[in-house]
Amino acid sequence: MTEHRVRPRVLVFDSGVGGLSVAGSIHKALPGAELVYVADNAGLPYGDKTEQVVVERCCWLIRESLGRRPCDVVVVACNTASTVVLPALRAVSDIPVVGVVPAIKPAAACSGNRRMGVLATPATVKRAYLDDLIRTFAADCEVVRLGHPDLVRWAEDLVAGRAPDQARVNLALAPLRDAGVDTVVLGCTHYPLLVPWLRKALPEVVNWVESGDAIARRVAYWLEQSGQLAEGQALPPKTEAVVINACFTGDAPSDLVPFMSAMGIPVGDIAGHWPGTTAAGSV
């Protein structure tokens with residue numbers, strides 16, 4: 001039986017909690033929309049896995065989620081996954097799929113001293129697509145790439161109620177401070193969750209550039225193309241259970257509910273070890 005829905009619905013997929021920053025941007029831009037959140041935290045980090053494994057995990061989990069809760073747009077809110085999974089996912093999906101890339105173009109446009117930092121995962125800073133983005137949009141800038149192995153885990157710990165140690169953050173970001181960058185690209189969706197600590201570590205940075213707003217605009221575009229944006233905008237903002245369902249392939253973060261409520265995106269149902277997965281990462 002076809003599900004009857006009044007509000008447009010967006011599936012946000014990530015390898016962990018980083019996509020919560022994207023979910024927040026989508027809710028800010030489209031307050032009448034419902035969100036479904038799926039996180040493959042049993043498979044974290046994706047940067048350590050082969051492309052085939054990442055594609056298989058992402059496609060299977062997203063198809064499984066859509067089978068249970070149909071959505072109008074899929075957002076792959078993970079930089080690593082977006083580099084490899086989008087073609088395969090679009091080939092098996094009849095709804096729009098939105099990916100994420102580091103926001104090099106807008107960062108270059110706002111840098112005053114033409115010195116930029118790209119803060120990303122160790123896997124992302126080595127990707128050829130990042131080379132292409134920098135060559136295309138920031139050829140006149142000095143770009144310092146920093147791939148630190150701990151920032152994703154610090155963001156995951158934050159949602160579990162454990163704040164990062166500021167001294168460790170300061171040490172991790174020292175190469176960007178030494179380079180005198182005035183703009184930093186947050187090249188992983190986990191990193192906006194850490195902005196208060198990042199700002200303290202680099203108080204001289206003027207611009208912190210992330211991809212959330214651009215993703216939200218793209219989601220709005222696809223909803224507009226399908227005629228659902230106007231319908232969603234005519235509805236009052238979603239306040240109770242903005243995220244109607246949050247599914248994690250590993251343990252659900254212990255402080256998820258208060259954390260998401262503080263972000264303005266309260267969550268309804270939460271499922272851990274979903275669907276039939278284990279913390280070891282088998283699907």
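A few points about this structure:
- Of the helices (runs of 4 or more DSSP H) lying entirely inside region 186-233, those containing at least 3 residues that are farther than 23 Å from residue 116 by Cβ and over 22 Å from the mean Cα position of the chain (by Cα) span 228-233.
- The residues in region 3-30 that are under 14 Å from residue 223 (Cβ atoms) and at pLDDT below 90 can be counted, and the count is 3.
- Candidate set from region 241-265 (those that are loosely packed, with under 15 Cβ neighbours inside 10 Å and not acidic (Asp, Glu)); member that is nearest to residue 16 (Cα to Cα): 254
- For region 125-180, filtered to residues that are in contact (Cβ under 8 Å) with a residue 24 or more places away in the chain and among the basic types (Lys, Arg), the residue that is nearest to residue 199 (Cα to Cα) is 177.
- Checking 71, 58 one by one, the residue that is of a type in the set (A, V, I, L, M, F, W, C), under 24 Å from residue 149 (Cα atoms) and touching a residue at least 40 places away in the same chain (Cβ under 8 Å) is 58 and no other.
- Restricting region 107-120 to residues that are assigned to a helix (DSSP H, G or I) and surrounded by 19 or more Cβ atoms within 10 Å (Cβ to Cβ), the residue that is farthest from the chain's Cα centre (by Cα): 108
- Subset tally (residues that are more than 15 Å from residue 175 (Cα to Cα) and in a helix (DSSP H, G or I)) for region 122-156: 17
- Of all the residues in region 79-137, those that are in contact with a Cys (Cβ under 6 Å, 6 or more places away or on another chain), under 20 Å from residue 149 (Cβ atoms) and basic (Lys, Arg) number 0.
- Residue list for region 147-175, filter: buried (at least 20 other Cβ atoms within 10 Å of the Cβ) and more than 28 Å from residue 250 (Cα to Cα): 173
- Scanning region 68-89 turns up at least one residue that is modelled with pLDDT under 90 and either of a type in the set (Ser, Thr, Tyr) or in contact with a Lys or Arg (Cβ under 8 Å, 6 or more places away or on another chain) (or both).
The values are calculated or read from the model by the stated rules, or taken from the named source; none is laboratory data. Quick caveat: nothing in here was measured; it's all calculated off a predicted structure. Here the Cβ is made from the backbone with ideal geometry for all residues, glycine too, and neighbour counts use every protein chain on show.
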